[in-house]
Every structure is written in C-alpha cells, then in structure tokens.
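Here it is: the structure, laid out below.
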Amino acid sequence: MCKQDIKSMLRYFDSASDSELEIKLIKLITTQPVLKTEAAIADANWLIKEIKLELEARNSLSA
C-alpha cells in the first residue's frame, strides 16, 4: 500500500458510519483466506487492524 492509499483509507474512516466500517471489516475478513500475494495479505491485515481500532475508538467515545 502506498502513502496515498493509506491517506485515502484514513479519510474514508473519518466519513464512514459504524455500519459501513463493520461491513468493510466483514468483507476483508472473509476475503483474506483467498488472497494470494504476501503484499495483499499484509494490506488486508493492516486494514482489518485499522478498522477494528477505529471502531473501538468510536465505541469508547460514545460510552
């Protein structure tokens, strides 16, 4: 993933609703087993981690 992709994804996190992020997370987790390249797997793992952190942060702010 290049810096531009990361910046774009972080902007998406800021504007996406919780349900949109949860849907994206589910899609990533279900797609992950069929990824073939190490780079794609690493990108998916990074995105999964970032989405989980974003959702946790949102939940802790609303609690």
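What about Asp5, is it open to solvent by 90 Å² or more (accessible area, probe 1.4 Å), of a type outside the set (A, V, I, L, M, F, W, C) and modelled with pLDDT under 90?
Values: open to solvent by 90 Å² or more (accessible area, probe 1.4 Å): no; of a type outside the set (A, V, I, L, M, F, W, C): yes; modelled with pLDDT under 90: yes.
Answer is no for this residue.
When both residues are 6+ apart or on different chains and their Cβ atoms are under 6 Å apart, which pairs have a first residue that lies in region 43-60 and is within 14 Å of Ser17 (Cβ to Cβ), and a second that is open to solvent by less than 50 Å² (accessible area, probe 1.4 Å) and modelled with pLDDT of 90 or more?
Filtered contacts from region 43-60: Ile51/Leu25.
Report the residue count in region 48-63 for those that are loosely packed, with under 10 Cβ neighbours inside 10 Å and part of a helix (DSSP H, G or I). Full working, then the answer.
Narrowing region 48-63 to residues loosely packed, with under 10 Cβ neighbours inside 10 Å: 60-63.
With the extra rule that they be part of a helix (DSSP H, G or I), the set shrinks to 60-62.
Result for region 48-63: 3.
While we're on this one: Give me the residue from region 9-19 that is within 14 Å of Glu50 (Cβ to Cβ) and surrounded by 12 or more Cβ atoms within 10 Å (Cβ to Cβ) and, out of that set, modelled with the highest pLDDT. Can you show your working first?
Residues of region 9-19 that are within 14 Å of Glu50 (Cβ to Cβ), as a first pass: 9-14, 16.
After this cut, where a residue has to be surrounded by 12 or more Cβ atoms within 10 Å (Cβ to Cβ) as well, the list is 9, 12-13, 16.
Working: Met9: 75, Tyr12: 77, Phe13: 75, Ala16: 83.
Out of the qualifying residues, it is Ala16.
Looking at region 27-47, which of its residues are in a helix (DSSP H, G or I) and of a type in the set (S, T, N, Q)? Explain how you work it out, then say what you get.
The first filter runs over region 27-47 and keeps only residues in a helix (DSSP H, G or I), leaving 27-34, 38-47.
Once the filter is applied, which keeps residues that are in a helix (DSSP H, G or I) and of a type in the set (S, T, N, Q), region 27-47 yields Thr30, Thr31, Gln32, Asn45.
Also, I was wondering about something else. Residue pairs, Cβ under 8 Å, 6 or more apart or interchain, first in region 24-38 and in contact (Cβ under 8 Å) with a residue 12 or more places away in the chain, second polar (S, T, N, Q). List them.
Gln32/Asn45
Could you list all residues from region 20-44 that are open to solvent by 90 Å² or more (accessible area, probe 1.4 Å) and hydroxyl-bearing (Ser, Thr, Tyr)?
If we filter region 20-44 for residues that are open to solvent by 90 Å² or more (accessible area, probe 1.4 Å), which is where we start, we get 22-23, 26-27, 30, 33-34, 36, 38.
Passing the criteria: only Thr30.
The values are calculated or read from the model by the stated rules, or taken from the named source; none is laboratory data. Note that the structure is a prediction, hence the values are computed from the model and not measured. Cβ: placed from backbone, ideal geometry, glycine included. Neighbour counts: every protein chain shown. These accessible areas exclude ligands, DNA and RNA; they are computed on the full protein's heavy atoms, side chains included. Shrake-Rupley method; radii C 1.70, N 1.55, O 1.52, S 1.80 Å.
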